[in-house]
Amino acid sequence: MLTVGVDLAAQPKNTAIAVIDWSPGRAKVTRLQVGADDDVIIAAIEDAEKVGIDCPLGWPMPFIDFITAHRDGHVDALDDEPDTKRRRRLAFRMTDLITEELVKHRPLSVSADKIGWTAMRAANLLAKLAAQGWAVDRSGAGVVVEVYPAASLRVWELTRHRNDANWRSDIVDRLAAAPPWLDLGSFEMRCRTSSHAFDAVIAAFTARAAALGLTHPPTDEQMKFARVEGWIAVPRSDALPRLHEPAGSDGVASRG
């Protein structure tokens, strides 16, 4: 199985892609590139079973309704609801709030932070993939799944304070030691020195977890939001040591 991780940025120069080849008992990083336009990303996806994109894949449904109503001049003033509470519903998606519950860390707001610029590029990228016949489902059911490397690292207890100059290199050391099946090859130094490359690798790891059913999927009630707003694949705490295991018939990693 091949998984691809994409650390998407608003501009290609800061966008990184990682390709990991998973075989029994081994995971080898076969490609790690910083500086990738849409064509490069789509080409990397060609042979992938799962692609993790580090970027919101949609906007909050209440925000979409609010903007549409504002365009049409029909915004209702809700004086009985605190303004901060209303703005919170407009700023954060269902998956942002669930992720915050799971990892005690809130993702950036796609409707109120600069990440919105990157989300616009992601929307265009998904449209290109769909036009080429790829199964694109913002809930993660298709080839693409939304990932959040910061959440994955928290779940796997691989976080360090970013004010530490060596924090990324330290995590690479711990990551390489924790799963001895991981082969970074000639790309190890790039993981240590580039945040974009590093996040792309973690995105590819999380895509593998999603492919094996080792993440927290939306419930039936949450699915209507996930298919519109996107859904962050937060891995389970036991996912990291199981990523190299073969998949069972149900797609979940088998313990043999």
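At 1.306 mPa s and 10 °C, plugging the Kirkwood radius over alpha-carbon pairs of the chain into Stokes-Einstein gives what diffusion coefficient in µm²/s? D = 85 µm²/s. With only Cα atoms counted, region 11-163 has Rg and Dmax values of 18.1, 60 Å.
Note on region 1-95: dipole from Cβ charges, positive end direction compared against Gly52, Ile41, Ala27; the farthest Cα belongs to Ala27.
Determine one quarter of the surface area of the Cα convex hull of region 102-147, which equals its mean projected area, and express it in nm² to one decimal.
On the way: hull surface 15.4 nm².
So the mean shadow area of the Cα hull is 3.8 nm².
Rounded to whole numbers, the Karplus 3J(HN,Hα) couplings from phi for region 184-191 are 7, x, 6, 9, 4, 5, 5, 5 Hz, using 6.51 cos²θ - 1.76 cosθ + 1.60 with θ = phi - 60°, and x at Gly and Pro. Between the helical axis of 94-103 and the longest alpha-carbon principal axis of the chain there is an angle of about 50 degrees. Remark on region 107-211: hydrodynamic radius 15.6 angstrom, per the Kirkwood mean of 1/r across alpha carbon pairs.
Axis of helix 167-177 versus longest Cα principal axis of the chain: the two differ by about 50°, to the nearest ten degrees. Listed peptides 93-106, 141-154 appear in the order 141-154, 93-106 once ranked by packing, highest mean of other Cβ atoms within 10 Å at the front. Compute the angle between helix 115-131 and the longest alpha-carbon principal axis of the chain, please, reported from 0 to 90 degrees and rounded to the nearest 10. On a 0 to 90 degree scale, this one is about 70.
What accessible area per residue, rounded to a whole number of Å², is obtained for region 1-103 using a probe radius of 1.4 Å?
Details: 5150 Å² over 103 residues.
Value for region 1-103: 50 Å² per residue.
Of the residues Ala197, Pro62, Gln11, the one whose Cα sits farthest toward the positive end of the charge dipole of the chain, with +1 on the Cβ of Lys and Arg and -1 on the Cβ of Asp and Glu, is Ala197. Rounded to the nearest Hz, the phi-derived 3J(HN,Hα) couplings of region 27-41 under the Karplus curve 6.51 cos²θ - 1.76 cosθ + 1.60 (θ = phi - 60°) are 9, 10, 6, 9, 7, 8, 10, 9, x, 9, 8, 4, 5, 5, 4, where x marks glycine and proline. Whole-percent P(r), region 154-236, all Cα pairs, 10 Å bins from 0: 15, 42, 27, 14, 1. Of all lysines in the structure, the ones whose alpha carbon falls short of 27 Å from that of Lys128, not counting any fewer than 8 places away in one chain, are Lys13, Lys50, Lys114, Lys224.
Using Stokes-Einstein with the Kirkwood hydrodynamic radius over Cα pairs, what translational diffusion coefficient do you get for region 1-97 at 25 °C and a viscosity of 0.890 mPa s, in µm²/s rounded to a whole number?
149 µm²/s
Applying a 10 Å radius around every beta-carbon, put 20-31, 225-236, 190-201, 115-126 in order of their mean neighbour count, most first. Intermediate results must be reported in sequence, preceding the final value.
On the way: 20-31: 16.0, 225-236: 24.0, 190-201: 21.6, 115-126: 17.8.
Taking the mean over residues of other Cβ atoms within 10 Å, the ranking is 225-236, 190-201, 115-126, 20-31.
The values are calculated or read from the model by the stated rules, or taken from the named source; none is laboratory data. Computed from a predicted structure; not experimentally measured. With ideal geometry, Cβ positions are generated from the backbone for all residues, glycine too; neighbour counts draw on all protein chains shown. When the accessible area is computed, the model is the full protein with side chains, heavy atoms only, and any ligands, DNA or RNA have been set aside. Shrake-Rupley method; radii C 1.70, N 1.55, O 1.52, S 1.80 Å.
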